[in-house]
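The values are calculated or read from the model by the stated rules, or taken from the named source; none is laboratory data. Just so it is clear, the structure is predicted and the values come from calculations on it, not from any experiment. Cβ placement follows ideal geometry from the backbone for every residue including glycine, while neighbour counts extend to all protein chains displayed.
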Amino acid sequence: MANAVTTPGGPDRPRTVAHTLAASLHLHGVDRVFCVAGESYLPLLDALYDMPEVDVVTCRHEGSAAFMAVADAKLTGRAGVCLVSRGPGATNAAIAVHAAAEDATPLVLIVGDVPLAETDREPFQGIDLGRHLGGMAKAVWRLHEPAATAEFVARAVQVAESGTPGPVVIAVPEDVWSLPDPRAVPSRRTVHGASVPDRESSRRIQELLAEARRPLILAGARLEGPQGRRLLREVAEAHRIPVITSNKNQHLLPNRHPAFAGHLHNNTQPSQLAELERADLVLAVGTRLDTSTTGRRFPTPGPHQRLIHVHPDQARIGLFHQPTVGVAADPTAFLRELVDLPPSDPDGGREQWMADLHRIEEQKARWEPVESPDGVVFGAVVAALDELTNGEVTVVVDSGTFTSWTYRYLRFGEEGRLLGISSSSMGFAVGAAVSAALRGDRVPTVAVVGDGGFLMNGGELMTACARKLPVVYIVSNNNCYGTIRMHQDRHYPGRTIATGLANPDFAALAESFGALGLTVDSPAAVRPALAKALAAGGPVVVEIRTSLLHANPYRRITPPATENRTEEQREGGQGDAVA
């Protein structure tokens, strides 16, 4: 039989669209997929049954399954893959499509769609995926012709990973999966060599570096990986240039390295930004200069501050920040060329500039114990984690103002890794920590998540338990949506509503899942609990009963006169004020 695939323990079967798609994914380097099983892609699951090379991770919600694929892509640098069913599955996964677009992360979402004959006829669980996801995805395609299956997969991976990476959606109608595929799976797509700056751009960059007294490297996610991180360090050392990282990429240079100048995020303080503004040259490498990193305010190219922007996608260069020199090139290849250039600071004149910026980071990261009457100040937790791991830890952050404690007091080491999403969507961390633990065993995996975020996708704790993964979940429980509460405090003082939370006993909940559950309600209990969790060797949930007044390291919440009135009170009754 010309188009047959041999299955373990069974007879040859004709190659179908499902078999070709599964084999094509594997051929393009996909070794793990995340899914919530659905009837509209059962043939694909059956094809994967015969492919032990591809790990199929069973998840509890399509939103977190797609988040896990996004996390996996960040960890590997390759397209993460998520499988979902039509309608409800695709809409649940949309939150991660949005996150992948915001973060320029390669994601391939494969949707089992309605049968061909039911298209545009108000089918059960039908949805127009092009209209629903087209504004976020780089491409949305619907496979009709079996012979195009391998081509669709190759194109999806190529588009998702190239230029400015992002999400691609492939919809396969339910009745197309089992159709015979008349073509063989093609060979792996051609991988082109890394692009480098042209000669004139290289000459101008050398001139700018030689002229700069206070240069600054702004390093982005495209430098992720051992090679990019090594070259970033070598360039900083060879040319005496301090390094600041883009949002959620704090780990790209060891934070104790004398060239480390900080991490740009939503809570980077004005005083630190003012120091960075003193730079006379900003070398932005591997970052799109996205809004969550720059706020459209930094860098500010002009007479006092020149900008060199190196990014693979020409369309991103000059989009919001006009560079002195813009280079559409591979960031790692660019750094490799820079390492080989003669040092641009032969007299050591930049030593003081580098030392000044690093001193700000060092002083900021020194934890001075703070006590609060309403719970543990979360900085004590992060400081203890830093001490116990020396920054050699993968930290997965969820959304919330409490994450600023992590950015401030955890100093990442050589093997350390910060994993988060710029869209700040709640519910990312619980599942993403599973992805991190599946990929790495060299350093501990710790998820830092709020009480609100944990309960959004807390079902993935069961995924961690099923896999017996050594994941530590640190739950900051202040019985509140703390970030929104802080905004209410600022804009509507004394009128708190819809932010107070009733929570379970998180430690008891963890025990019911089969994880170890620990509760911390005093500063003295923090370090012993974290030490026990890190040594446990399996899933652990550490509930920290944290201070709401100190939800953020830079701004206190003022206790209001009234708090979370009842429905009766909001309808007009006075009731008793709750302090």
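Being under 19 Å from the mean Cα position of the chain (by Cα), among the polar types (S, T, N, Q) and outside any loop (DSSP other than H, G, I, E, B) is true of S435. Residues in segment 354-367 include at least one that is assigned to a loop (DSSP other than H, G, I, E, B) and either among the aromatic types (F, W, Y) or exposed (fewer than 13 other Cβ atoms within 10 Å of the Cβ) (or both).
Looking at A212, A284, A238, just one residue is over 22 Å from P312 (Cβ atoms), crowded, with 19+ Cβ neighbours inside 10 Å and of a type outside the set (D, E, K, R), and that residue is A212. Counting just the residues of segment 358-397 that are out of contact with any strand residue (DSSP E or B) (no Cβ under 7 Å at 6 or more places or on another chain), among the small types (G, A, S) and in contact (Cβ under 8 Å) with a residue 60 or more places away in the chain, which one comes out farthest from L438 (Cα to Cα)? Once the filter is applied, the top-ranked residue is S372. For segment 395-432, the set of residues classified as in a loop (DSSP other than H, G, I, E, B), buried (at least 24 other Cβ atoms within 10 Å of the Cβ), small (G, A, S) and touching a helix residue (DSSP H, G or I) at 6+ places or on another chain (Cβ under 6 Å) consists of G400, G427, listed by residue number. When segment 330-353 is filtered for residues that are in a helix (DSSP H, G or I) and within 30 Å of S195 (Cα to Cα), the ones remaining, listed by number, are P331, T332, A333, F334, L335, R336, E337, L338, V339, D340.
Where residues in segment 215-234 are more than 18 Å from P299 (Cβ to Cβ) and not charged (D, E, K, R), which of them is surrounded by the fewest Cβ atoms within 10 Å (Cβ to Cβ)?
Taking the candidates together, the pick is P226.
Part of a strand (DSSP E or B) and either closer than 22 Å to L549 by Cα or small (G, A, S) (or both), is that true of V448? Yes: the conditions hold for V448. Looking at L289, L307, just one residue is touching a Phe, Trp or Tyr at 6+ places or on another chain (Cβ under 7 Å) and assigned by TED's automatic domain parsing to the domain that holds L357, and that residue is L289.
Yes or no, residue by residue, for (1) out of contact with any helix residue (DSSP H, G or I) (no Cβ under 6 Å at 6 or more places or on another chain); (2) in a strand (DSSP E or B); (3) at pLDDT below 95; (4) among the aromatic types (F, W, Y):
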| site | (1), (2), (3), (4) |
| --- | --- |
| R78 | yes, no, no, no |
| T91 | yes, no, no, no |
| A99 | no, no, no, no |
| I170 | no, yes, no, no |
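Residues that are assigned to a strand (DSSP E or B) and at pLDDT below 95 were ranked within segment 481-527; the one that is farthest from the chain's Cα centre (by Cα) is T496.
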